[in-house]
Amino acid sequence: MAVTDQTHWRDSARTARFFMIDARAAFPLIFFLLYIHWWTFIVATVTMIFFGLLERYGFTLPVFWRWLRSFLAGPHRASREWWRT
C-alpha cells in the first residue's frame, strides 16, 4: 500500500465504512443480499438505523454497551464485595 499525501496516521482510528454505512452494519446488509427475504431486509434496515443513531449521538459500540450496562445497573453501587456477605 503506497503512502500518498492524502493518508495520515490519524486515519487509522476512523470507523470503517462501506460507502456511507458503518462497516459493522454492512454484515446484515451482505446477509440480506445473499438471502433475500423480508425478515433479512428488516434486520438489515434496523441494524443500519441503530448504528446511524449511535453515530448521531457520538457513541461507538463499546461505549454504548458500557453506558447501557451502567444505566441498567442503576445509580447505587454495592459497598462491599459480593463474595463477602
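No lab work stands behind these numbers, since they all come straight from the coordinates. Since this is a predicted model, take the numbers as computed values, not measurements. Glycine gets a Cβ as well: all are built from the backbone with ideal geometry, and neighbour counts include every protein chain shown.
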Q: Among F59, S79, F18, pick out the residue whose Cα is farthest towards the positive end of the charge dipole of the chain, where Lys and Arg carry +1 and Asp and Glu carry -1 on C-beta, about the Cα centre.
A: S79
Q: Enter the angle in degrees (range 0 to 90, nearest 10) between the Cα long axis of helix 61-73 and the first principal axis of the Cα atoms of the chain, meaning the one along which they spread out most.
A: 20
Q: Report, in deg cm²/dmol and to the nearest 500, the calculated mean residue ellipticity at 222 nm for the chain, where each DSSP H run with n ≥ 4 adds -39500 (n - 2.57) and the sum is divided by the residue count.
A: -17000 deg cm²/dmol
Q) Which residues' amide hydrogens lie under 5 Å from the amide hydrogen of F59, considering only partners 5 or more residues apart or on another chain, with H built in the peptide plane? A) none
Q: Express in nm, to one decimal, how much length is gained between F41 and S12 on full extension, taking 0.36 nm for each residue of separation and deducting their alpha carbon distance.
A: 7.3 nm
Q) If Lys and Arg each add +1 and Asp and Glu each add -1, what is the summed charge of the other residues whose beta carbon sits under 11 Å from the beta carbon of A23? A) +2
Q: Tell me which residues come under 5 Å, amide H to amide H, from D22 once H is placed; ignore anything under 5 positions away on its chain.
A: none
**Q.** Theoretical gain in end-to-end length, F59 to E81 [0.36 nm per residue, Cα-Cα removed]
**A.** 4.9 nm
